[in-house]
Structures are given as structure tokens and as C-alpha cells.
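Here is the structure we will look at, set down as C-alpha cells.
Bear in mind that the values in this text are calculations on the coordinates, not laboratory data. Since the structure is predicted, the reported quantities are computational estimates derived from the model, not experimental observations. All Cβ positions, glycine included, derive from the backbone under ideal geometry; neighbour counts span all protein chains shown.
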Amino acid sequence: MPKPTEAELSVTTPRRRPKPEVLEVGGRRLKPSTLMMGHGYDPMLSEGALKPPIFLTSTFVFESAAAGKRHFEGVTGKRAGGADGLVYSRFNGPDQEILEDRLSIWEDAEDALSFSSGMSAIATLMLAIVRSGDVIVHSAPLYAATETLIGRILGRFGISWLDFPAGATPEEIAQVISAAKAKGRVALIYLESPANPTNALVDVEAVRDARERLFADESEKPPIVIDNTFLGPLWSKPLRHGADIVVYSLTKYAGGHSDLVAGGVVGAKSLLDPIRAMRNTIGTITDPNTAWMLLRSLETLELRMTRAGENAAKVCAWLRTQPQVERVGYLGFLDPASRQADIYRRHCEGAGSTFSLYLRGGEREAFAFLDALKVAKLAVSLGGTETLASHPAGMTHLSVPDERKKALDIRDNLVRISIGIEDPDDLIADFAQALASIG
């Protein structure tokens, strides 16, 4: 049988980059919302299909034995740079690679990786970076599963941690990092901003400055990693402010329809290569169908986040006037003279659509409010098209010790709300009747 021609191979082989990507037109750099419609994909390599097919295959055929060897040299790390072709679906695939190309665009990052969940992204990242005896510095509070991973699971392997509150001053941040450095090798500085579920912001620039000063004479500096799920990628871009690696639960705003679970990491290729190698080993990559669904969702990401943000501003303005409400932890209501407002002005481009609602009372009042909701759904998660409400102290952060919850302001009267894209007046009507049910 004659060897296929290059033209024939271009049709049958799911390669994605036959020509340079179009990133600008007429000297104008294209915006992420435009690039989401086609970046990283050539329809002519997939029978002219406008949208990428779902490549449901476990393995890929090599053009030659030499090509297969070359690809495996990249996958195994024997040759720097990673695989330059498709190998096996635990390592890469067309849908996943197109997704990663598009994820990197939102923060102008050099590289991106996709994962089977937000927690698999965080776990894979940490396994790639930490060593036995290391110290992790992190902000607080964190998503409860992240705290469990650091404190209970990695702790079994000799990893310790020190933390500082999300709103800490530069001096407080530096003191904690310095104390961690005195204990041993600082593997990474892990941040979550806004913090889940209090919405407190972390001063990433202050963390960067402290890291640079304290490790000025060191050959190795701990990377600054930040979970940007609450505001990213539209309202906050931490790579601009000193973060080295940004983590996402793509389940949230990126997926945006509450119908998938996935995670992502973006940053410099040199920092992501060890994480990619760990992902190759333990198999935490996104599956093709989920990657394809995320490609669909990224096309409307800016529209959905913008509408949700506008809705949240209107709903929160109403909520703060209600007698049953103690306070609303919404980033649009920060005291202009406060440190949090200063961080917001430097780091954020929008207040987001997820906020903390503190009701007057305790668990009884919070549960009565949640049980009375008609339009908003009583469910964990955030960033979907629908409005969701939950009780962190009794749900997502139930495993956090009571004293730590108290110190972190995760109280029984706290309700976390993620505003969706419904009509905002309908949401206000729903919250009004739910507040009235408290009595």
C-alpha cells in the first residue's frame, strides 16, 4: 500500500497547527472573546467541521516508528519541551490541547494544562512541587478540600504548613513566609483570592515583594500559586500582579452551566512542565468530552460573567438595605479607605457575582432562608447560569474545625450566594420572600 501523501495525512490526522495562528488583524490584537471562536483549530484538518469533533479515542497512530519514539521522549521528559505530537489520551488529545490553547489566552499565559477536576489540578500541582519535609505557606481560608489536602494528606508525608489571613498586611505576610523559611524548604506559597467563602482579598503584590526580598540570595524561589476561581479569568488576572501559576476550577465560570467538572492551571511553560509530567503519570487530564464542552462554554464566558456581575451588583444593593441582613460581603461595597479596597483597586477589574451574606441570627435563620428559596437553588458550587445558595459552615467547610471556622469568620449565619444570569428583579423577589420567612 503506498504511503499517504502529506495532503492525505492532513485530513486523516487530527493535527491542529498547520499554519500560524491569527492573533491580530490589521495591527489590532484580537480579544479573548473573539479568539474563543476558533483559536487552535483548523476546520480543514477535520473534514471542514466548523467546531472541533470530540476525539473519542484512547490512542493515536504514529506516522512512523521514529515519530513514536520522538513523541515518547517528550512525554517521559527525556527530551525537554513535551510531546510534539499526539500519543495516548492519558497524556494529550486534540480537544484537550485546543482547550489549553484557549485557556492560556485569557491571562496571556505561555502555557496551560487541563484536569479532571479543580482538586485534581491542585493535587497534581502540589505533588509535582513538594518534597518530604517541605513547608507550604498559604492564605486562609481556603476551599475546605484544599485545606484537607495540605493539612491531612500531605501532612502524612512530612509536609507542614503556615498560613496568614487573606487580608493580611505586607508585614504579616513577610513574617509568616520568614517563619516558614526558618522551618525548612518552602515548596510554594499558595493563595486563594477572594477567599472561599468570606470573599476576603489577598494582596498578591505584597506576597511577591516579600518572596523576592526573603529569597533574594537563594537559587530557588518558591512559586506563588493562586486559585483564581471566584474572579477569573475576566475580573482578575493574577499573573500581572506577581503570581507564577494560576489555578482554576473550570467547573465554575469557565464551564458555566453546572454540567461538567474540570480544572485548569496556567503559567510559564517551565513551571508547568513538571506538573504536566506528574499529570502524565497519575492520569488526571480532562477527558475529551469534557474538554469539548468547555470549548463550547468558553465562547460565551465573557457574556455570562458580565451579565452575572451586573445582576449581583443590583441584588447586593437591595440586600444590604434589608433588616434581616447583618452585612453583605460583596467586593463592590468595600470601604474606599480600607486595605481591602486598596487591594481591589490594584488587583481586580470587577466585583464578581459570588458573595457572602451574613444574616441576623444563626444556623436556624440561615437554614430557614435557604429552605424558602424558589428561584435560587440550594446547592454548592458557583459560577453557573443559575443562582446558587449554600451554607458553608454546614456544607463545604463542615470538616474545618470549629475554632478555625470562628477565627476565619465562617459563621453559622453565613450564606454563600452565586448569582446567575436570571432576571435580577426575579431574584430580588425570591430573596425578599425567603428573608420574610425567617420571622
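Here are the numbers for the structure shown:
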| item | result |
| --- | --- |
| Stretch gain in nm, segment S270-H257, where the contour uses 0.36 nm per residue and the Cα spacing is subtracted | 1.4 nm |
| Rg/Rg_ref, the chain, where Rg_ref = 2.2 N^0.38 Å and atoms are Cα | 1.03 |
| Under 15 Å from the R79 label point (7 Å along Cα→beta-carbon), backbone N, region 269-298 | none |
| Region 94-298, Rg to Rh (Cα coordinates; Rh as Kirkwood inverse mean 1/r) | 0.95 |
| All-pairs alpha carbon distance profile, region 214-285, 5 Å steps from 0, percent | 3, 14, 21, 21, 19, 13, 5, 2, 1, 0 |
| Estimated 222 nm signal from helices in the chain, with DSSP H stretches of n ≥ 4 weighted -39500 (n - 2.57), rounded to 500 | -11000 deg cm²/dmol |
| Sites A182 and D423, calculated FRET efficiency, Cβ-Cβ separation with R0 60 Å, nearest 0.05 | 0.65 |
| Mean-position separation - Cα centroids, region 309-350 and region 251-278, in angstrom | 28 |
| Residues S338, S437, S390 arranged by fewest to most Cβ contacts within 10 Å | S338, S437, S390 |
| Projected area, mean over directions - region 46-155, Cα convex hull, nm² | 10.0 |
| Nearby lysines by direct alpha-carbon distance to K183 (threshold 21 angstrom, same-chain neighbours under 8 apart not counted) | K221 |
| Computed over region 301-436, the ratio Rg/Rh where both radii use C-alpha atoms and Rh is Kirkwood | 0.95 |
| Selection from A243, A312, G26, by position along the positive dipole direction of the chain (Cβ) | A243 |
| Cα centre as origin, Lys/Arg/Asp/Glu Cβ charges: the chain dipole, Debye | 640 |
| Over region 97-191: Rg over Rh, Cα atoms, Kirkwood Rh | 1.02 |
| Nearby aspartates and glutamates by direct alpha-carbon distance to K374 (threshold 16 angstrom, same-chain neighbours under 8 apart not counted) | E386, E422, D423, D425, D426, D430 |
| Excluding exposed DSSP-loop trypsin sites (Lys or Arg not before Pro) (at most 11 other C-beta within 10 Å), longest clean stretch of the chain | 132-373 |
| Approximate spin-label separation Y88-L56, in nm, with each point projected 7 Å along Cα-to-Cβ | 2.2 |
| Within region 301-436: Cβ-based charge dipole about Cα centre, in debye rounded to nearest 20 (Lys, Arg +1; Asp, Glu -1) | 360 |
| Where the Cα pairs of region 26-95 fall when distances are cut into 5 Å bins, in % | 3, 14, 18, 18, 17, 14, 10, 5, 1 |
| GNM flexibility winner over the chain from S249, S381, S399 (Cα, springs under 10 Å) | S399 |
| Separation of the V380 and S399 label points, Cα + 7 Å toward Cβ, nm | 0.9 |
| Distance between modelled label sites at E349 and A216, nm, 7 Å Cα→Cβ extension | 3.3 |
| Over 30 Å between alpha carbons, listed pairs K252/K406; K78/K181; K237/K314; K31/K78; K78/K252; K51/K252 | K78/K181; K31/K78; K78/K252 |
